[in-house]
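In what follows, a structure is listed as structure tokens, so that the remarks can point back to it.
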Amino acid sequence: MSQTHDESRRRLLKLMSGAPLLPLATYGSASALLAACSGSDDVVVAPAKPSISSVSFSSMAAPDLSNAAAMATTTVNSSLVATYSDGSKQTFALKYEPFFQTGDLVPNGNGGTILAGGYYDINKQPIIDKSVAGKERPFYSDCPDGSSILTLANANVPGIKGKAVFAVVQFEYTTRDQSLASTYGQLPSPIAILTLDQDQTTGKLSLVKYHNVDTTSVNGLWITCGASLSPWGTHLSSEEYEPDANTIATNTQFQAFSRNLFGDASKANPYHYGHLPEVTVNPDGTGSIKKHFCLGRISHELVQVMPDKRTVLMGDDATNGGLFMFIADKEADLSAGTLYVAKWTQTSGTGPGAGNLSWIKLGSATSAEIKALADTLKAADIMDIKTSDPADTSFTKIPFSGKSNWVRVKPGMEKAAAFLETHRYAALAGGSLGFTKMEGTTVNAKDKVAYSAMSYIQSTMLDGSGGIKVEGPLSGAVYALNLKGGQKDLAGNAINSEWVPVDMAPPAALIGEDLKTADALGNLSNPDKIANPDNIKFSEKLRTLFIGEDSGRHVNNFLWAYNVDTKVLSRILSVPAGAESTGLHAVDEINGWTYIMSNFQHPGDWESPLHDKVKPTLDSLVRANFKDRFGASVGYLTGLPVIG
């Protein structure tokens, strides 16, 4: 090869290295361009690459028993179609790339290994599954859930060859022990920080370090579900299904949790759980955690912080749940602020319904002052609570967890009630506590629209007990909420935010469809529409709302992409039968690459009659793929073009 030819080749590579590339795919063919250098000494100048003007997704078919293997694992047969500024188009095949499966031994960054998804007690010792004699082993989760991905300018982790990227992954629960007894909610949820090596040629992410975050300072974590990335680069976790402090003495699940965490069934304090944990990643791939006690003690599915870095919209995965909003006193600081609950004024009862929203102020507080109350108070110190009518007019009847309570706040305990008995106090204050399983929340900042997933529209959304009375479907829907400034609460006081939801109604394409009879595969909801949406995330650059399912009505749960401009809904991924799509996080750009994080949990969690037709064929396949149903994957979608 001549010196001139060699220099030309190097110049071309340099030109290409400055152009945006793809994880596992490039615009055009690098090999073809380089081949042009092989027979000539002429300098080849790479043409300027046009920019991407829009994207769409090609939908994949739902897998069926004609390809049983595809039903028993994560399957991706979809693609992304990029339209460029010169009118040309290019199709990029998508692919799922796992970082690990829970139960794997993965690198700990110090030359050793650590158990992915493993559980630890308050003394940082592994919690051991002793349910089968002779098979004792550390517990590990089959339920990875909320995740986020971020970078730090001063990252410094040994073993990085490209650039360091960090992912935070939380593990919601473990479905069962080795004896097959349920362990739901009985173990303290772990959160891990993954240090990933980003290849600067392909964009591929490779795990180099797994660090388990020490949660002892916050008394461990309770059922961490969805998560989001704050605008200031921290991982905002969740604690759903807050334990009812009024009945805690008979709550055997909470006693088991306390015993596994503290070694004492009576030591855990229910008021320490049901809050918002926040994880900060350190440059060395470790991290720290704190809990914010002032955002209300509810069934936190996840929160979405608006672009103002102060307004927080919260999902509440409960029966007789509410739509809650928190406005922080300071930007990028959730340690103090004001809590509101929405009042729904129904404008349509057809299907999932629609309503206008007004807001009731519940109180203002700092996290520190509510933590101090949580440390010392019992439920009886805050409220008198009855489960049958006391025939006393000083009590008020409210809806609570699918039943009725009669409550009376103790004198001087309004603030404690607002922030520690939030569901009861919000109903007492006049909030619409009738929503069911309000899960993921996300925001389309450009259009000032928030989205909220109502996984199942059932029970209290149908009977009017919480001020809401619609028709369904049981398959759920995603609601769009218009956001505005200049709003006042129902007491006439100004709400200090430009991002206040004023109404909510579902786009037509984001309403599930119940089937009158199951289809040939066993689906109870139309498989070509969403069913029971859970994780949702919006990508500003892709103009796409991603929707993950937690459905007991689809044989396989799916990940969907909904283009908010074209209104087209596309199925882009299928998780193993019996599993839930979790961990959804759309990242527009990290060091010039685009990613969609996606996990799943509890593969092969068979339900009847839903899985009766497929279980005989799929059960052995799922068990072979995922550690006899004890394992689940954490990973991401590859093949996405850089959106510049």
Inset, instruction - Provide Rg over Rh for the stretch 255-375; use the alpha carbon set for both Rg and the Kirkwood Rh (inverse mean inverse pair distance). - result: 1.04
Legend entry - Kirkwood hydrodynamic radius over Cα pairs of the stretch 101-182, then Stokes diffusion coefficient at 37 °C and 0.692 mPa s, in µm²/s: 221
Legend entry - Tail beyond 23 Å, pair distance distribution of the stretch 411-523 (Cα, percent): 45
Legend entry - Sites residue 128 and residue 469, calculated FRET efficiency, Cβ-Cβ separation with R0 45 Å, nearest 0.05: 0.35
Inset, instruction - Determine the distance separating the Cα centre of the stretch 90-141 from the Cα centre of the stretch 424-458; give it in Å without decimals. - result: 33
Legend entry - Scattering profile of the stretch 382-465 at q = 0.11, 0.17 Å⁻¹ [log10 I(q)/I(0), Debye over alpha-carbon scatterers]: -0.40, -0.78
Inset, instruction - Holding the Cα-Cα limit at 31 Å, pick out from 415/437; 378/403; 529/613; 378/488 the pairs that are longer than that. - result: 378/488
Inset, instruction - Run through all the Cα pairs of the stretch 470-564 and give the fraction in each 10 Å bin from 0, expressed as whole percent. - result: 15, 37, 26, 16, 6, 1
Inset, instruction - Working from Cα positions, state the angle (0 to 90°, nearest 10) between the long axis of helix 615-625 and the longest principal axis of the chain. - result: 70
Legend entry - Scaled radius of gyration (Cα, divided by 2.2 N^0.38 Å) that the stretch 195-333 gives: 1.19
Inset, instruction - Figure the gain on full extension for residue 606 and residue 397 (residue separation times 0.36 nm, minus the Cα-Cα span) and round it to one decimal in nm. - result: 71.4 nm
Inset, instruction - Per DSSP H run of at least 4 residues, take -39500 (n - 2.57); add these up for the chain, divide by its residues and hand me the 222 nm value, nearest 500 deg cm²/dmol. - result: -3500 deg cm²/dmol
Inset, instruction - May I ask for the Rg/Rh ratio of the chain, computed from Cα atoms with Rh as the Kirkwood radius, given to two decimals? - result: 0.98
Inset, instruction - Send over the Kirkwood Rh of the stretch 41-177, from the inverse of the averaged 1/r over different Cα pairs, rounded to one decimal Å. - result: 20.1
Inset, instruction - Divide, for the stretch 188-254, the radius of gyration over alpha carbons by 2.2 N^0.38 Å, where N is the residue count. - result: 1.56
Inset, instruction - Set Lys and Arg Cβ to +1 and Asp and Glu Cβ to -1, take the dipole of the chain about its Cα centre, and tell me which of 398, 201, 356 lies farthest positive. - result: 201
Legend entry - Global form of the stretch 308-349, assessed from the alpha-carbon gyration tensor, a/c cut-off 1.5: prolate
Inset, instruction - Whenever you get a sec, compute what percent of the accessible area on the stretch 292-384 sits on carbon and sulfur atoms (1.4 Å probe). - result: 50
Legend entry - Cα shape, the stretch 323-391, gyration tensor, a/c 1.5 rule: oblate
Inset, instruction - Distance between Cα centroids, the stretch 526-582 to the stretch 601-627: provide it in whole Å. - result: 20
Inset, instruction - Calculate, in nm to one decimal, what residue 378 and residue 508 gain on full extension: separation in residues at 0.36 nm each, minus their alpha carbon distance. - result: 42.2 nm
Legend entry - Probe 1.4 Å, accessible area per residue of the stretch 279-427, Å²: 35
Legend entry - Contour excess over end-to-end distance, with Cα ends at residue 519 and residue 199 and 0.36 nm allotted per residue: 110.8 nm
Inset, instruction - Could you compute the FRET efficiency for residue 565 and residue 184, with r as their C-beta to C-beta distance and R0 at 45 Å, rounded to 0.05? - result: 0.65
Inset, instruction - Counting residues in the stretch 301-449 as N, plug N into 2.2 N^0.38 Å and put the Cα Rg over that result. - result: 1.10
Legend entry - Whichever lysines have a C-alpha closer than 18 Å to that of residue 615, once near sequence neighbours (fewer than 8 apart) are set aside: 627
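The values are calculated or read from the model by the stated rules, or taken from the named source; none is laboratory data. Since we're looking at a predicted model, the values are computed, not measured. We place every Cβ from the backbone using ideal geometry, glycine too, and count neighbours over all the protein chains shown. Quick note on the areas: whole protein, heavy atoms, side chains included, nothing else; ligands and nucleic acids left out. Shrake-Rupley method; radii C 1.70, N 1.55, O 1.52, S 1.80 Å.
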